[in-house]
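Before any comments, here is the structure.
The values are calculated or read from the model by the stated rules, or taken from the named source; none is laboratory data. All values derive from a computational prediction rather than experimental measurement. All Cβ positions, glycine included, derive from the backbone under ideal geometry; neighbour counts span all protein chains shown. For accessibility, only protein heavy atoms count, side chains too; no ligands or nucleic acids. Shrake-Rupley method; radii C 1.70, N 1.55, O 1.52, S 1.80 Å.
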Amino acid sequence: MIIRKAFMRQSRQVLALSRRAPISGRFQSTLAGTPDETLQSPPAESITESIQPDNPLAEMIQAQSQAQPSQDPASGTSSKPNTTPKTSSVIPPKPSQVTLELLLASGTHMGHSTSRWNPQNSRYIFGIREGVHIISLDATAAYLRRAAKVVEEVAARGGLILFAGTRKGQKRAVVKAAELAKGYHIFERWIPGSLTNGPQILGHCETKVVNALDEELDDFKKDLADRPSLKPDLVVCLNPLENVVLLHECGLNNVPTIGIIDTDADPTRVTYPIPSNDDSLRATSLIAGILGRAGEAGQQRRLKMAQEGKTTYKPITAAELRLDPFTGMKPEEIQKK
């Protein structure tokens, strides 16, 4: 009885200490000394120094520590509210900085229960733990690097990249990735028929013509009135289960797609699958940021080649601009047929 009371008293002391100064999840501290001593977490500078410089987590932790608001020692309150978004959305890592530790920390390995799995995903599954499928991080890293290479090459050749993520909370990641890759984004819903019936749905949208240096050309505006609507050269979908219509229209128009495939999704619906957890916002933000950085690298390479007088595509004339990109015919010829 005496031992039990002493243990309960010590437990209350430990709980009180933890409430006064929470212990960081990355470090383990030993309880030593008197009960009045408070436990303090190591500063952000020591955390950054303990991580190797080549690790992308060092740069992310340093940026997060610099973004923390300053605190008033007298009142203990911050001078401004902490409105900093997730670190993966602020500073997305490059495709070359993808590590298994980074994917594990983002929760990309967590799948669904075994009763909801798609047998076609057996090649991506590492094992089962407590009735939940665990996705192989090696497969996720390999397929993610391949998808990033595809995005970079499409951006380097001046292609149009569309980022689509319609789940709640994916708006920030989709917009950030589109801004990096200089592409387009959809975060509300996909309008059925935007690709198969583009002239009727997207015919009122404004089209801008630019040269190799992304400078707008006003001479082509009069030749864009009868031209069919543009179609993306690559579609990145963060939630394929809710955008089956989008993927179906991309297949009808031979548009390649990249999608995050969970254990309950069908990997054959996309051209380049990325096996990962699609329910975690941290995982989807990380993948979208990596693909956005890949598109940014492709855009920089394209502009550098354009400044040197080298282009990866043939310059188009005003007469060729009015032709349909798939049939090579004029709009009035298509209507006659």
What is the sum of charges, Lys and Arg at +1 and Asp and Glu at -1, for the other residues whose Cβ falls under 12 Å from the Cβ of Ala265? -4
Report the local net charge at Pro240: Lys and Arg +1, Asp and Glu -1, summed over other residues whose C-beta lies under 12 Å from its C-beta. -3
Can you pull the one-decimal nm distance between simple spin-label points at Ile91 and His248, each 7 Å off the Cα toward Cβ? 4.4 nm
Using Cα pairs under 8 angstrom and six or more residues apart, how large is the relative contact order of region 210-306, in percent? 21 percent
For His112, other-chain or 5+-apart residues with amide H closer than 5 Å (H placed, Pro excluded) are His133, Thr263, Asp264
Packing rank of 241-254, 154-167, 204-217, 121-134, where each peptide gets the mean count of other beta carbons within 10 Å, highest leading: 154-167, 241-254, 121-134, 204-217
Can you send over the carbon and sulfur percentage of the accessible area for region 92-138, probe radius 1.4 Å, protein chains only? 53 percent
What is the sum of charges, Lys and Arg at +1 and Asp and Glu at -1, for the other residues whose Cβ falls under 12 Å from the Cβ of Tyr143? +3
So how strong a dipole does region 162-313 carry about its Cα centre when Lys and Arg Cβ are +1 and Asp and Glu Cβ are -1, to the nearest 20 debye? 320 debye
What residue among Gly259, Ile201, Leu247 has its Cα farthest toward the positive end of the dipole of region 160-315, where the charges are +1 on Lys, Arg and -1 on Asp, Glu, each on the Cβ? Gly259
Pop out the ³J(HN,Hα) list for region 178-195 in order, Karplus 6.51 cos²θ - 1.76 cosθ + 1.60 with θ = phi - 60°, rounded to Hz; leave Gly and Pro as x. 5, 5, 5, 8, 6, x, 10, 9, 9, 10, 9, 7, 8, 7, x, x, 5, 9
